[in-house]
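Input: a single structure, listed below in structure tokens.
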Amino acid sequence: MIFPREDALVLLRKYVKNEKMIAHSLASEAVMHALALRLGRNAEAWAQAGLLHDLDVEDTKGDAFTHGPEAAKWLAEMGLDVDVVDAIGMHNEIASGRERTTEFQHALAAGETITGLIMATALVYPDRKIASVKTKSVVKRMKEKAFAASVKRENILECELIGIPLDEFAALAITAMTEIAGEIGL
């Protein structure tokens, strides 16, 4: 089962109060939807994983060992699709202590992580808009030693494990996020 989007949004807002985290979830939803379309996968399921992946972040205080698996447990109890639950449980590999093995797991790890990098990059520009972010800027930031502390370079590079080069992945993510920039405040 996949939740109707409106129900998923209500659920997200029930557990996540921080508007920046909600914006990140909406951005992740858009990126995962675009990624699923690009790969010919179930766009509704992938988008829902992007939207709900941080459902437990405030409850677990982002603890690397419980964040992800806790949300997966809640969502499994609610009857959400097993593949969506599995991807959410694995989006933070530290939390599970297991290696990702499915395309969906790799995609969610890469998709939700690049949204954070793009949002952080947008904040560097004077007009603070996603549309200001260029693919080259994202790729350049990926190579910097002083890489964003909260963004795991390795997770973003999982895009290559599903056959999408980093520059194409960054362009896809920027385009997806630009389409909802007003909704996420960038």
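The values are calculated or read from the model by the stated rules, or taken from the named source; none is laboratory data. Just so it is clear, the structure is predicted and the values come from calculations on it, not from any experiment. Note: ideal-geometry Cβ built from the backbone for every residue, glycine included; neighbour counts use all protein chains shown.
Annotations for the structure displayed:
- Number of the condition not met by VAL151 [criteria: (1) closer than 30 Å to LYS73 by Cα; (2) in a helix (DSSP H, G or I); (3) in contact with a helix residue (DSSP H, G or I) (Cβ under 6 Å, 6 or more places away or on another chain)]: (2)
- Every condition in (1) touching a Phe, Trp or Tyr at 6+ places or on another chain (Cβ under 7 Å); (2) at pLDDT below 95; (3) hydrophobic (A, V, I, L, M, F, W, C) holds for ALA107 except the one numbered (2).
- Going through (1) buried (at least 17 other Cβ atoms within 10 Å of the Cβ); (2) under 22 Å from MET1 (Cα atoms) one by one, MET78 falls short only on (1).
- Of the residues making up the range 18-61, those that are crowded, with 21+ Cβ neighbours inside 10 Å and β-branched (Val, Ile, Thr) number 2.
- Yes/no for VAL124 being surrounded by 21 or more Cβ atoms within 10 Å (Cβ to Cβ) and either modelled with pLDDT of 90 or more or hydrophobic (A, V, I, L, M, F, W, C) (or both): no
- Residues satisfying the stated conditions in the range 95-126, i.e. without any contact (Cβ under 8 Å) to a residue 60 or more places away in the chain and among the hydroxyl-bearing types (Ser, Thr, Tyr): SER96, THR101, THR102, THR113, THR121, TYR125
- Count - residues of the range 61-81 that are at positive phi and touching a helix residue (DSSP H, G or I) at 6+ places or on another chain (Cβ under 6 Å): 1
- Consider the range 132-160 and keep the residues that are of a type in the set (A, V, I, L, M), surrounded by 14 or more Cβ atoms within 10 Å (Cβ to Cβ) and more than 16 Å from the chain's Cα centre (by Cα). The one that is modelled with the lowest pLDDT is MET142.
- Beta carbons closer than 6 Å, at least 6 apart along the sequence or on distinct chains, pair a first residue in the range 158-186 that is closer than 19 Å to ALA47 by Cβ with a second that is crowded, with 20+ Cβ neighbours inside 10 Å and aromatic (Phe, Trp, Tyr) for CYS159/PHE169.
- Complete set of residues in the range 1-10 that are within 17 Å of the chain's Cα centre (by Cα) and surrounded by 16 or more Cβ atoms within 10 Å (Cβ to Cβ): ALA8, LEU9
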